[in-house]
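Down below is the structure, laid out as structure tokens.
Laboratory data are not the source of any read-out in this text; all were calculated from the coordinates shown. Model, not experiment: these values are computed from the prediction. FYI the Cβ positions are ideal-geometry reconstructions off the backbone, even for glycines, and counts take in every protein chain you see.
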Amino acid sequence: MAIQTTASETVIVGGGIHGVSLAYELAQAGRTVTLLETDDIAAGASGGSGERGVRANGRDLRELPMATVGFPLWAQYQRQFEGGVGYRRTGGLHLFNIPHGAHEHEVRGSIEAMAMVQNVLGIPSQLLNRDETLEREPELAGDLIGSVYCPDDGVCDQTFATQAFAGQARKGRGNLAHRRARR
Ligand SMILES: Cc1cc2nc3c(=O)[nH]c(=O)nc-3n(C[C@H](O)[C@H](O)[C@H](O)COP(=O)(O)OP(=O)(O)OC[C@H]3O[C@@H](n4cnc5c(N)ncnc54)[C@H](O)[C@@H]3O)c2cc1C
């Protein structure tokens, strides 16, 4: 990739999802950005095959406010970027059974509390009993007693998304240079 010789307002180290999405947003804002990456874009934890969860269901409650901001952004990037970012809203189920030694009423209380708190924190969450869960996923079996369903949960191809952000950042009004840095 070409080496940029002019100075940049911002230098970002690392071409993973954090680095490239920040580069994209800064480039959109008209800032000049240099991205230093010792390997290829998405060579680190943001790479690899397959899709990963873009989900709120069952996460640590402290993460949920960020998920309420993230969900519409993923949908927006999917619409805006030519070819999308590899994001799909699929809905997500969090399944419950009764662990050995636990009491059923305690588990049912936990499920209800989880759905209620997630709803209060802005994550639409539906409490499903066993039959309603099996209606949604007929191949499930075992000692399932119910689930919490989040319609806004989804998945995304992390490598595709990371490379898409880098591509869009290069196209932006900013000036993205990708320099191979030595560790
Ligand atoms: C779509 C998506 C869904 C995800 N879903 C989940 C999930 O469900 N659960 C979960 O736990 N996590 C999830 N993640 C997060 C993921 O597992 C990683 O935590 C995340 O991708 C890390 O991104 P990063 O940019 O911080 O790091 P990395 O992707 O590791 O990027 C760091 C980059 O820096 C480069 N680098 C390192 N040192 C130097 C140096 N000295 N100079 C120059 N370059 C250097 C590396 O080569 C690498 O490319 C998801 C990520 C994505 C993109």
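See the values below:
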| item | result |
| --- | --- |
| Residue-span extension gain [ARG136 to MET66] - 0.36 nm each, minus C-alpha spacing | 22.5 nm |
| Loop sites in region 100-140: GluC sites (Glu not before Pro), DSSP, at most 16 other Cβ within 10 Å | GLU139 |
| Calculated FRET efficiency for the pair VAL13/GLU82, C-beta based, R₀ 25 Å, to 0.05 | 0.35 |
| Order of HIS94, HIS105, HIS18, HIS100 under a 10 Å beta carbon neighbour criterion, fewest first | HIS100, HIS105, HIS18, HIS94 |
| Extension reserve of the HIS103-ASP40 stretch, reckoned as 0.36 nm per residue once the Cα distance is removed | 17.6 nm |
| Table column - 3J(HN,Hα) (Hz), region 13-24, Karplus curve with 6.51, -1.76, 1.60, x for Gly and Pro | 9, x, x, x, 4, 5, x, 6, 6, 5, 4, 4 |
| The chain, relative contact order [Cα under 8 Å, separation at least 6], % | 40 percent |
| Taking SER49, SER8, SER110 and counting other C-beta atoms within 10 Å, the order from fewest to most | SER49, SER110, SER8 |
| Selected from PHE71, PHE165, PHE96 as most flexible by GNM, with the chain as the system and alpha-carbon contacts under 10 Å | PHE96 |
| Estimated [θ] at 222 nm from DSSP helical runs (n ≥ 4, -39500 (n - 2.57)) normalised by residues in the chain, nearest 500 | -11500 deg cm²/dmol |
| Fluctuation leader among VAL11, VAL33, VAL20 - the chain, Gaussian network, Cα springs under 10 angstrom | VAL11 |
